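Inspection log for the structure reproduced underneath, given as structure tokens.
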Amino acid sequence: MENVFSNEKDHGVFSWANLGDIKKGRGALGDEMPVLVYRLMQFTMLDVLTRELGKEKAKHFIREAGYIAGKEFTQNVMDISVSLDKFVANLQKALQELKIGILRIESLDEATGEIMLTVAEDLDCSGLPITGEAVCNYDEGFIAGILEAYTTKPYAVREIDCWANGSRVCRFRCTVK
């Protein structure tokens, strides 16, 4: 079997190119799949990581994966040369077209870089049973990666409201580290 990574020492190092040509490879099925399948992959991965490493370490690794995805997504899909207003508008459009969620900026402090944002119909949690716990750790990392790729500043992102804790949107506080 051919190694899709550039060389053996890079095995496991993510590269956007390793996503392949989805349209070519899935000519009949296309490039979309049900949310159920995405959640099945994510939640079973979280289950394995939790059993092997503990809950906090598992959340950390899921968040880190989201961070890599957010940075790569921004660098490969988004135009980071545009103004903040244009970037946010383009990001809202991209997230909605890709059916990731509906992004809204609630507040933005340009002096400190602090952002409060919401994501409605979130891919990770909308429709989950209420557990009393915020569960969108992947999204925390994804958003942090997006913000860092655009601003070049590292961000800490924490979910403060979640469908799983009784809210109907996910709300994230984003602060420059």
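Report yes if Glu106 is surrounded by 14 or more Cβ atoms within 10 Å (Cβ to Cβ), modelled with pLDDT of 95 or more and over 17 Å from the mean Cα position of the chain (by Cα), otherwise no. Answer is no for this residue.
Look at (1) within 19 Å of Glu72 (Cα to Cα); (2) open to solvent by less than 40 Å² (accessible area, probe 1.4 Å) and you find that Ser167 fails only one, number (1).
Scan region 111-157 for residues that are open to solvent by 70 Å² or more (accessible area, probe 1.4 Å) and without any contact (Cβ under 8 Å) to a residue 24 or more places away in the chain and jot them down. If you could, list the steps in order and put the result at the bottom.
The first filter runs over region 111-157 and keeps only residues open to solvent by 70 Å² or more (accessible area, probe 1.4 Å), leaving 111-112, 114, 121, 129-131, 152-153.
Within region 111-157, Ala111, Glu121, Thr152 meet the criteria.
If you check Val37, Val13, Val77, Val48, which single one turns out to be more than 20 Å from Val157 (Cα to Cα) and modelled with pLDDT under 95? Residue meeting the stated conditions: Val13.
Which residue is nearest to Asp139 (Cα to Cα), if the candidates are limited to region 25-64 and must be of a type in the set (Lys, Arg) and either touching a residue at least 24 places away in the same chain (Cβ under 8 Å) or open to solvent by less than 90 Å² (accessible area, probe 1.4 Å) (or both)? Steps first, answer last, please.
Filtering region 25-64 down to residues of a type in the set (Lys, Arg) leaves 26, 39, 51, 55, 57, 59, 63.
Retained after the next criterion (residues that are either touching a residue at least 24 places away in the same chain (Cβ under 8 Å) or open to solvent by less than 90 Å² (accessible area, probe 1.4 Å) (or both)): 39, 59, 63.
Details: Arg39: 13, Lys59: 11, Arg63: 7 Å.
Only one residue tops the list, namely Arg63.
Quick one: would you say Ala164 is under 25 Å from Lys59 (Cα atoms), of a type in the set (A, V, I, L, M) and over 15 Å from the mean Cα position of the chain (by Cα)? When the stated conditions are applied, Ala164 passes them.
Residues are listed down the side, and each one gets a yes or a no for (1) closer than 22 Å to Asn18 by Cβ; (2) in contact with a Leu (Cβ under 9 Å, 6 or more places away or on another chain):
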| position | (1), (2) |
| --- | --- |
| Val37 | yes, no |
| Ala58 | no, yes |
| Arg63 | yes, no |
| Ile68 | yes, no |
| Asp85 | no, no |
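For Phe73, are the conditions met, namely being touching a helix residue (DSSP H, G or I) at 6+ places or on another chain (Cβ under 9 Å), open to solvent by less than 50 Å² (accessible area, probe 1.4 Å) and either under 21 Å from Ala144 (Cβ atoms) or assigned to a helix (DSSP H, G or I) (or both)? Yes, satisfied.
The values are calculated or read from the model by the stated rules, or taken from the named source; none is laboratory data. Given the structure is predicted, the values throughout are model-derived calculations rather than measurements. Counting neighbours? That spans all protein chains shown, and the Cβs are built from the backbone with ideal geometry, glycine included. SASA here: full protein model, heavy atoms, side chains in, ligands and nucleic acids out. Shrake-Rupley method; radii C 1.70, N 1.55, O 1.52, S 1.80 Å.
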